[in-house]
Amino acid sequence: MSSIFESPELAPEEVAARLLVTPSALADLTLGDALKVVGYMRPKLIKAGTVIIQEGEVRQNDYMLLVLEGDIAVENELPGLHESMVVNIMGPGHLIGEMGVLDGAPRSATCTANTNIAAAVLSRTALMRILKEDPRLGSRLLLAISKRMADRLRETTRKLKTFAQMNKALQQELQVVMNSRSPLDKRKGG
């Protein structure tokens, strides 16, 4: 498979900027703004199998990453089970770590490279430089990141409502089964 960076028509910065303004990243930025932001980002190559972000991590949690090539599995630990569940697969044009670049709080998920990854990284230090050197761009970037996070929160809320409905339906089915058992079955425990 050929790399998107092998395209003779577009410079790598242009490719990154175009991915930055996709709906899965920061669609509210203009291409011009994205080109400026990409100038503050640094490229990063990540080998398949590498844990990029670890859930609960409190160090190195001050950056976000734009996926340029490859796929990243996003997982959350299941409380009390010592297992994790893949909740999303992020490919080109997706952002990971945008909460961390803003607040530096512990990471909320584990992100692992399923394939070799080409990425662009924006650190909190670079974000602060943008805010200092180009406040208008910085404010548009922060607004775009905030909107993206709000969109994800709405999607998570929608999923939680769906899970709550499924849980309620399962509880109702279980109640029907329990009510249909004969009194003798109930006394025997089976």
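What follows is calculated from the coordinates using simple rules that are stated; it is not laboratory data. All figures in this text were calculated on a predicted structure; none of them were measured in a lab. All Cβ positions, glycine included, derive from the backbone under ideal geometry; neighbour counts span all protein chains shown.
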Highest-fluctuation residue, Met85, Met41, Met166 considered, GNM on the chain with Cα pairs under 10 Å
Met166
Debye, to nearest 20: dipole size of segment 4-153, +1 on Lys, Arg Cβ, -1 on Asp, Glu Cβ:
460
Calculate one ³J(HN,Hα) per residue across segment 133-144 by plugging θ = phi - 60° into the Karplus curve 6.51 cos²θ - 1.76 cosθ + 1.60, and present them in order as whole Hz with x for glycine and proline.
7, 9, x, 5, 4, x, 5, 5, 5, 4, 5, 5
Considering only Leu131, Ile72, Val87, whose Cα is most displaced toward the positive end of the charge dipole of the chain, charges sitting on Cβ of Lys, Arg (+1) and Asp, Glu (-1)?
Val87
Gaussian network model of the chain, springs between alpha carbon atoms under 10 Å - residue of Lys168, Lys147, Lys159 with greatest fluctuation:
Lys168
Treating only the Cβ of Lys, Arg, Asp and Glu as charged (+1, +1, -1, -1), what charge dipole size does segment 115-178 show about its Cα centre? Round to the nearest 20 debye.
240
Tell me, what is the Rg over Rh of segment 79-190, with Rh the Kirkwood radius over Cα pairs?
1.23
Which value at 222 nm does the chain reach when only helices count, each DSSP H run of 4 or more adding -39,500 (n - 2.57), with the total divided by all residues and rounded to the nearest 500 deg cm²/dmol?
-14500 deg cm²/dmol
Classify segment 54-135 from the C-alpha gyration tensor, please: rounded if a/c falls under 1.5, else prolate or oblate depending on whether a/b exceeds b/c.
oblate
For the chain, compute Rg over Rh where Rg is the Cα radius of gyration and Rh is the Kirkwood radius from the inverse mean 1/r over Cα pairs.
1.16
Sequence-distant residues sharing a close amide H with Asn88 (under 5 Å, placed H)
Val74
What list do you get for Arg158, Arg124 if you sort them by fewest beta carbons within 10 Å?
Arg158, Arg124
What aspartates and glutamates could a cross-link reach from Lys44, if we take a straight Cα to Cα line under 18 Å and drop same-chain neighbours fewer than 8 places away?
Glu6, Glu13, Glu14, Asp62, Glu69, Asp71, Glu98
Could you work out the relative contact order of the chain? I mean the mean sequence separation of Cα pairs under 8 Å and 6+ apart, divided by the number of residues, in percent.
24
